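Please read the structure below before turning to the comments.
Here, each number is a calculation from the coordinates, and none is a lab measurement. These numbers were taken from a predicted model, which means no experiment stands behind them. Note that we place each Cβ from the backbone using ideal geometry, even for glycine, and neighbour counts take in every protein chain shown.
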């Protein structure tokens, strides 16, 4: 998250700093209670898949804006989330 916040600041904007701000901006709902292991893995996969969709939707926008550094950051995050989702899915198979 630090890398993303630093990129936001380098572009002249302010990153969310409080939990309330982060929660309002979140696209992944917070889980209630403590799910069983398999359900937790399913929730983690769903969360990573949400982040993958978000990253993929951002790439055309940042490329169109000529934001190579931001595109690189998004691509790096996309790789992390795709790999993690794949690894988690393998636990469910």
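In table form, for the structure just shown:
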quantity: Nearest-0.05 FRET efficiency for residue 69 and residue 16, computed from C-beta distance (R0 25 Å); calculated: 0.80
quantity: Contour excess over end-to-end distance, with Cα ends at residue 31 and residue 91 and 0.36 nm allotted per residue; calculated: 19.6 nm
quantity: Highest-MSF residue in the chain out of 65, 55, 36 [GNM, Cα springs under 10 Å]; calculated: 36
quantity: GNM flexibility winner over the chain from 66, 12, 33 (Cα, springs under 10 Å); calculated: 33
quantity: Angstrom value of the Kirkwood radius, inverse mean 1/r, which spans all Cα pairs in segment 30-93; calculated: 12.9
quantity: Length added when fully stretched, residue 9-residue 46, from 0.36 nm per residue minus Cα-Cα; calculated: 10.4 nm
